[in-house]
Amino acid sequence: MSSEPTPEPRARGRVIPLGQNKAGHGRVTPARGATAEAKTDMPATMTRACARRATRDPRWPHIAAALADLRERHRHAIRIVDADCACGTLLIETVRYARALGFTAIEGQGVDDAPALIGRARAAAARLHDPAIGLDFEVGGLAQVLAREADFPADIVLCHDQDGGIARLLAAAGTLVIADPVATLVRRQAA
């Protein structure tokens, strides 16, 4: 038997100690029953972390309730737009949850004006291998994209804030607009 230490996983040329995430904080918890190889698989653990982060979003209970309501009305197809989606975490978890509820045709559209964040969202979406889910992430101005969405309104529009002159565009872009109550509350307190 060799007394050499086990090699630690690498991510982008940097050593990540086992039990820490990429930032070097906290613990990375592998799925129960995972093999030794899967325990060092960083994308899988990062997906679990993203799922936890999405379900802690203050909009998540409203999203889950809206999806459950649509399924109770025997809907099989759904279209979701995430305005100002950042790296796409919430939209990706929303479409995965919709699929788990039994939707058979799910279209997700994410929009942000930061190309780096959209690149991360596209990379994360590429890891989904479900023919029932179609995800598209686009770099663009929020007002322009929402105006285009008014031609074929989505079932659900996710956004952070309804202030700033886009409330009318959001209402026209989707049947149900789910805004971040925390962002709205912070803005009103700051005023």
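The values are calculated or read from the model by the stated rules, or taken from the named source; none is laboratory data. A quick note: this is a predicted structure, and the numbers were derived from the prediction, not measured. Glycine gets a Cβ as well: all are built from the backbone with ideal geometry, and neighbour counts include every protein chain shown. Quick note on the areas: whole protein, heavy atoms, side chains included, nothing else; ligands and nucleic acids left out. Shrake-Rupley method; radii C 1.70, N 1.55, O 1.52, S 1.80 Å.
Some points to look at:
- Packing-based ranking of 126-139, 88-101 yields 88-101, 126-139, ordered from highest to lowest mean Cβ neighbour count within 10 Å.
- Computed in the context of the full set of protein chains, the accessible area of the stretch 63-132 at 1.4 Å probe radius has 54% of its extent on carbon or sulfur.
- nm² value of the averaged projected area, convex hull over the Cα atoms of the stretch 52-191: 8.3
- Estimated inter-spin distance, Ala86 and Asp113, nm [label 7 Å along Cα→Cβ]: 1.7
- In this rough spin-label picture, where each label sits 7 Å from Cα along the Cβ direction, the Arg148-Asp136 distance is 0.7 nm.
- Theoretical FRET efficiency, 1/(1+(r/R0)^6), r = Cβ-Cβ of Arg122 and Asp69, R0 41 Å, to 0.05: 0.85
- Backbone geometry of the stretch 111-118 corresponds, through the Karplus equation with coefficients 6.51, -1.76 and 1.60 at θ = phi - 60°, to 3J(HN,Hα) couplings of 9, 7, 8, 9, x, 5, 5, 5 Hz, x marking Gly and Pro.
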